[in-house]
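The values are calculated or read from the model by the stated rules, or taken from the named source; none is laboratory data. The structure displayed is predicted, hence computed values, not measured ones. Ideal geometry is used to build each Cβ from the backbone, glycine not excepted, and the neighbour counts take in all protein chains shown.
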Amino acid sequence: MGERLVELEVLRYHPETDKEPRFQRYSVSCREEWVVLDALNHIKEAIDPTLSYRWSCHMAVCGSCGMMIDGEPKLACKAFLRDYQSVIRVEPLAHFPIERDLVTVIDDFMAKLARVKPYLIPKDAKTVEEGEYRQTPAELKRFKQYTLCINCMLCYAACPEYGLIPKYIGPAAIALAHRYNQDSRDGGRDQRQEEIAATEGAWDCSFVGACSEVCPEHVDPAAAIQQVKIKSMVDWYTEHLMPWLKK
Amino acid sequence: MAEKVSGKPYVRPITSEWIFRHPRYLRYMVRELSCLFIGAYTLLMVWGLKQLADGPEAWRGFLECLQSPASVVFHVLALAFALYHSVTWFNLTPKALPLQLGEEFVPDGVIAGAHFAGWAAVSLAVLYFAGAF
Amino acid sequence: MARSNKPIVWAPFAAGGTLTAFLTPVLILITLLAELGHVPEALTYDALRGFAGHWLAKLALVAVVFLSLWSAAHRLRITLYDLGVRADSWVAAAVYSAAGLASVAAAVFLLRI
């Protein structure tokens, strides 16, 4: 494996001194098999220690290193240099405020995740002595893919509706709610509906589908959102046209 | 929770140029804009109903108007956009209505394929009963 | 967060989107055939009036018109928002009213047949 000269055009922003972000270009001698994260690490170690960015596992499971690479939301540890031209533009994840350089303010995302009550609210609560909650493979398969989310926020960066409507609860939050709603052990769907059946819940989605396209874990949040819309619609009409029906 | 942020986070402004950021957003816009053609065609249909109600002369005049070059161009475009709407709609249907049979989910292609087959059947039936062949 | 009343407008959108996906292309094709000189039997005055005279056909036509226009209206509303038009309530009122009025007009015309 050989070496390759790559130019990284990185968005910088130091709130103490900068009024606005600006681009800074780094010339990096890279190994051919490197990912963008390797190039960033090399910059930080050998060229410019002031560059700030989040990363951790370097294997696409922690969700820390999401950023815009040539305008596309990607995990920096999964963006191979060989797939890009010799000048690569690196920016912080879109639709989030910039804290510093490539670090974004993710408070909005964290708050939205918490709002959907992302934990089991058992249908029939059991004490430990009563034994385990049992689940067939089919019941597991019903929600398994929605458990794969690594909270990387690429879907929020890809979603134009989140960009246009900051209050929109967003793909990952709805997919997470759906994960629990689809879990046979759970009985909390009604509570979660307060969040995901609100206007800023699933209804702000216009099924662009970009979220599912950029998701590195193939969670398919777009599918989750449409399913929530349909269930919420059925709920609404049942509630309003047949109020005598118990939920 | 996290410590207080710097206090001066930079918020990047949103413009309509997000549409051009990637081909998928353009494709989305084309899909959405199909509504203009489907809407316009349906309004034309309503106008046609009026002409039908007004009598044979009015109906003949309506058919003549339809045969103008501008009308033909519109309908060719409308057909293209309507087809795009159908194709995108049926391809997205399995996402909204997944079907789990036993342990496995019915593959997306099967659900979409069934819709395409139904679409072909409906279209052929309508063409037949309309006397198009 | 209160549960939204969006289902009121979304249900006819979903129904209309499905209907137009199945039906609109072939309808446009038939219209095109007529425009290019091969007027299908069903589009002749007598045949179409005969068809539209039946109350079931009238009902079906109004339903097709309404659902097609509603789903187009809903999509237009969303598209305008996507393109930066912020006055959503006004846009919604305008597009849904237009769809409703045109549907009523269709019904009125059909009642004259």
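Is it fair to say B:T15 is out of contact with any Leu (no Cβ under 6 Å at 6 or more places or on another chain), without any contact (Cβ under 8 Å) to a residue 12 or more places away in the chain and closer than 30 Å to A:I165 by Cβ? Yes; evaluated as a whole, the condition is true for this residue. In segment C:22-57, which residues are touching a residue at least 12 places away in the same chain (Cβ under 8 Å) and over 13 Å from B:G131 (Cα atoms)? Those that are touching a residue at least 12 places away in the same chain (Cβ under 8 Å) and over 13 Å from B:G131 (Cα atoms): C:L23, C:T24, C:R49, C:A52, C:G53. Given the condition in contact with a Leu (Cβ under 6 Å, 6 or more places away or on another chain), modelled with pLDDT of 95 or more and among the β-branched types (V, I, T), answer yes or no: does some residue in segment C:82-94 qualify? Scanning segment C:82-94 turns up at least one residue that is in contact with a Leu (Cβ under 6 Å, 6 or more places away or on another chain), modelled with pLDDT of 95 or more and among the β-branched types (V, I, T).
Taking the numbered list (1) part of a loop (DSSP other than H, G, I, E, B); (2) within 10 Å of another protein chain (Cβ to nearest Cβ); (3) within 26 Å of C:G17 (Cα to Cα); (4) not β-branched (V, I, T) in turn, A:A223 passes all entries but (1).
Based on what the data block shows, is A:I196 of a type in the set (A, V, I, L, M, F, W, C), within 14 Å of C:S4 (Cα to Cα), in contact with a helix residue (DSSP H, G or I) (Cβ under 6 Å, 6 or more places away or on another chain) and at pLDDT 95 or above? Taking the combined requirement at face value, the residue satisfies it. Would a scan of segment A:53-61 turn up a residue that is modelled with pLDDT of 95 or more and in contact with a Pro (Cβ under 7 Å, 6 or more places away or on another chain)? Yes, segment A:53-61 has at least one match. Condition check: within 14 Å of chain B (Cβ to nearest Cβ), at pLDDT 95 or above and on the phi > 0 side of the Ramachandran plot. Does A:D101 satisfy that? Taking the combined requirement at face value, the residue satisfies it. Filter segment A:1-57 for residues that are in contact (Cβ under 8 Å) with a residue 60 or more places away in the chain and β-branched (V, I, T); which is farthest from A:M67 (Cα to Cα)? Only one residue tops the list, namely A:V6. Looking only at residues of segment A:72-98 that are within 14 Å of chain B (Cβ to nearest Cβ) and assigned to a loop (DSSP other than H, G, I, E, B), we find that the one that is nearest to A:L40 (Cα to Cα) is A:L93. When segment A:110-156 is filtered for residues that are in a loop (DSSP other than H, G, I, E, B), of a type in the set (A, V, I, L, M, F, W, C) and either within 24 Å of A:D190 (Cα to Cα) or free of Cβ contacts under 8 Å to residues at least 12 places away in the same chain (or both), the ones remaining, listed by number, are A:V116, A:L120, A:I121, A:A125, A:F143, A:L148, A:C149. Among the numbered conditions (1) more than 9 Å from every other protein chain (Cβ to nearest Cβ); (2) surrounded by 22 or more Cβ atoms within 10 Å (Cβ to Cβ), the only one that A:G209 does not meet is (1).
One line per residue, one yes/no per condition, for (1) farther than 15 Å from A:N181 by Cβ; (2) at pLDDT 95 or above; (3) not assigned by TED's automatic domain parsing to the domain that holds A:S64:
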position: A:Y119; (1), (2), (3): no, yes, yes
position: A:A125; (1), (2), (3): yes, no, yes
position: A:V128; (1), (2), (3): yes, no, yes
position: A:Y133; (1), (2), (3): yes, no, yes
position: A:K144; (1), (2), (3): no, yes, yes
position: A:L148; (1), (2), (3): yes, yes, yes
position: A:C155; (1), (2), (3): yes, yes, yes
position: A:A158; (1), (2), (3): yes, yes, yes
position: A:G163; (1), (2), (3): yes, yes, yes
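Within segment A:182-230, if we keep just the residues that are free of Cβ contacts under 8 Å to residues at least 12 places away in the same chain and under 16 Å from B:A96 (Cβ atoms), the residue that is nearest to the chain's Cα centre (by Cα) turns out to be A:A223. When C:E41 is tested against the conditions (1) at pLDDT 95 or above; (2) within 7 Å of another protein chain (Cβ to nearest Cβ); (3) over 11 Å from the mean Cα position of the chain (by Cα), the lone failure is (1).
Looking at C:L23, C:L59, can you tell me which residue is farther than 25 Å from B:F90 by Cα, out of contact with any Gly (no Cβ under 8 Å at 6 or more places or on another chain) and modelled with pLDDT of 95 or more? Spell out the reasoning first.
Working: C:L23 fails: farther than 25 Å from B:F90 by Cα.
Going through C:L23, C:L59 in turn, the sole match is C:L59.
Listed here are the residues, each with its yes/no results for (1) farther than 19 Å from B:R24 by Cα; (2) among the hydrophobic types (A, V, I, L, M, F, W, C).
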site	(1), (2)
B:A78	yes, yes
B:F81	no, yes
B:V87	no, yes
B:K95	no, no
B:L101	yes, yes
B:V110	yes, yes
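Would you confirm, using the coordinates I've provided, whether A:Y162 is within 13 Å of chain B (Cβ to nearest Cβ), part of a helix (DSSP H, G or I) and under 18 Å from A:R189 (Cα atoms)? For A:Y162, the condition - within 13 Å of chain B (Cβ to nearest Cβ), part of a helix (DSSP H, G or I) and under 18 Å from A:R189 (Cα atoms) - is not met. Within segment C:85-108, the presence of at least one residue that is surrounded by 12 or more Cβ atoms within 10 Å (Cβ to Cβ), within 7 Å of chain B (Cβ to nearest Cβ) and closer than 21 Å to B:G55 by Cβ is confirmed.
Please return the ranges of helices (runs of 4 or more DSSP H) entirely within segment B:1-108 where 2 or more residues are closer than 30 Å to A:E16 by Cα and within 13 Å of chain C (Cβ to nearest Cβ).
Details: elements: B:23-54, B:56-66, B:69-96.
Ranges flagged: none.
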